[in-house]
1. Can you tell me the relative contact order of chain C? Whole percent, Cα pairs under 8 Å, sequence separation 6 or more.
2. Please give, to one decimal in nm, the separation of the simple spin-label points placed at residue C:128 and residue C:415, each 7 Å out from Cα toward the Cβ.
3. I'd like the orientation of helix A:179-199 relative to chain A: the angle between its Cα long axis and the longest Cα principal axis, in ° from 0 to 90, rounded to 10.
4. Does chain B come out rounded, prolate or oblate, given a ≥ b ≥ c as the square roots of the eigenvalues of its C-alpha gyration tensor, rounded meaning a/c under 1.5 and, failing that, prolate meaning a/b above b/c?
5. For residue C:472 and residue C:370 in one chain, what is 0.36 nm times their gap in residues minus the Cα-Cα distance, to one decimal in nm?
6. Expected output is a single nm value to one decimal: the length gained when fully extending between residue C:279 and residue C:437, i.e. 0.36 nm times separation in residues minus the C-alpha distance. What is it?
7. How tilted is helix C:105-124 with respect to the longest principal axis of chain C? Cα atoms for both, answer in degrees (0 to 90, nearest 10).
8. Can you put A:155, C:302, C:314, C:102 in order, fewest other beta carbons within 10 Å first?
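Here, each number is a calculation from the coordinates, and none is a lab measurement. Please read all numbers here as calculations on a predicted model, not as lab measurements. So basically every Cβ, Gly included, is an ideal-geometry build from the backbone, and we count neighbours across all protein chains shown.
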């Protein structure tokens, strides 16, 4: 079976991302990587919680309750959460062998992700310039920017990944060679949303209750 | 992946798969709706200004529930062929939890 | 590319090794590089011991001594022991489970080159202002105040190396889970493959905390962050926690493959199957799991409090139990067997008492109140050298002999091997046994010199003699390697005569596709089963057919080189204007090469059935 042979919706296998050995390996390898990423983000969360509100001068320096606001965090959450369901739609179409619909939903996912990123860049700019809360300001600020910034870096990487896949495969349609690639990118995107659920809870919501 | 479908007729199999994919998609949209709802409740609890000793455990619980939904519905973690992913993700979660516990208890004293 | 031997020039052979994605060649690269760094680390140890030959010595300055001890520890653990073990796991595990390569051959190569460039980066610090000097543990308070760029080289060098190791870990896990030969259930896997599996799991979960810690150290030193800066609200204990959350599983990453190697050697040279296979597997899993729950036993004197200390002490005692189970199982394997004292078996025999000695002093330091006396003395130095040298190094030396024919098709000389063994063993005990007493007498560790008349003179002198003996032993091993390579006497597939597992059913060295036909596994010690039935080869699980092989690539070197270059930019960014540009250029090279890899399809090539059938090595089995 040649890995780039064409299919029809009827002949397309049930789990196309795992129909080849390479696909099975990529699928498993990526889940294992996510296991490692879980420990990585847990470490970043642990550092953040340990250094939360640890500033040189608690009386005058910026603390969590001064900084975070509900509307912005809520909007960013909605954008990312919606981008997660749109990527689910994309994979649904992939399973049904509808290449163009998959591409369309991936595009919507990317646009929502870009929206999230734009808001986050605005947020960091806002904190740095309006509040004097920069990366080097205090231990608390270093921990905040590292945790949320690492997540943001993962979003950037994920967007680049999905865009590269879309562009590279635009003229090729679906095959058993690129099905695992789309599937794995989608799983990565979901994981980023999973991490964000904890970020908005631990950083923003817990930051605002004090 | 082996097809665990009994019919020899490709049309029937195709119909079955399409229906099943559509049903899974419905589950996922419901999960999405539940996630939005849980998010709203969490934001609402903070907005309402309840005591922090009540709010913090509640929103953490809501976060865990939402993540479980996303892992199982969006990422298919409960489906067949996901035994190793489950093992390693829960393994990572357990180790991550012990790191969090350590950092919350034996960093400042 | 066919299996017919080709006469090649040096350039072609070099290009082959630079672009290879074959797990056997990558394994040899790991072993060669790890061996080189082992010599470097050994040189650093000799310099330390020469400085400590006599009291009030000024052989080297105190500052240089600090660099020497830091680099000795860092090199030996990250650049010698780990790569050597990873090299053996890379080479042998796929052969043992009946696979043709690992799951991700390209990532395998990338993992090696990242390790190599990370190690190169770290060692360049010697020539660029000074090596790191805050110990291999690099505690934050000291590390942040270190005046040269040494710590920066440490942080980035280990970070880059660590990415490579993490990739290797994932690669091994996927290979073992997905690519075992038909009939090879988990409970039929050889112990070395099981320990590879658990050690790889430890790598997967232990390296991320180190990654976070190193990023934080990098950010604090090179980008003015405040994680460990107490004035700005930071906390230096965070570094210790992360370092040991990584560091303790790390030593199990070292010791589990060690156990795997000795399991193979004990069974092979007792001519008897491993005793208690299931309990060995269970013990390995338990050690792996418990290894994550004991990290603060390195921090008993930090002031965490008696409750925390008690919890971690008890957990540390618990690890002794599965380890003890393993020791007994090895002894019961040998008991009643027909023992052949080859060089690997001698290392195995010496390992038992040496490692157990290290283990029992481990229990001693695990008692938190007692550790207040032992901490930061030579007693701890003695303990960990007993488990690492008496365990890991003996295993690496044993595996070198045991697997040499499988790697190169020749056999290391047994007489020279036994001379190396005895000199090394005597030197090892001479060096480190006396250090228990030096520690009990109060000599602190990491001190550049000591005063005369305190009762420490004789002990240090003897310890240094032992180090010289170990140096001589290693030189003899090098001589053995050279002589063997020059003589080039080829051996067959099972040169030790008693091979039990699949790797011994293949030619020495195996063809690049490993198995012409994937084997059908009928039980534990697969090859032994076939031998007992009088067969020369393992039953095949499939007919001869085309074999799909991956292409080589120069991109792993490009990616690693990119990160290597970027590191210089990050290190010198605050003092030189070219720093930022170099950082960006390096990252562009690295990520650009990754992009090229993703965009350019590479489907590999096929070895055709005809080429396989023409192969001289073995006939086709029905």
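1. This gives 16 percent for chain C.
2. So the two model labels end up 4.8 nm from each other.
3. With rounding to tens, the tilt is 20 degrees.
4. oblate
5. Gain on stretching residue C:472 to residue C:370: 33.1 nm.
6. Full extension of this stretch gives 53.3 nm more.
7. It is inclined by approximately 30 degrees.
8. The fewest-first ordering by Cβ neighbours comes to C:314, C:302, A:155, C:102.
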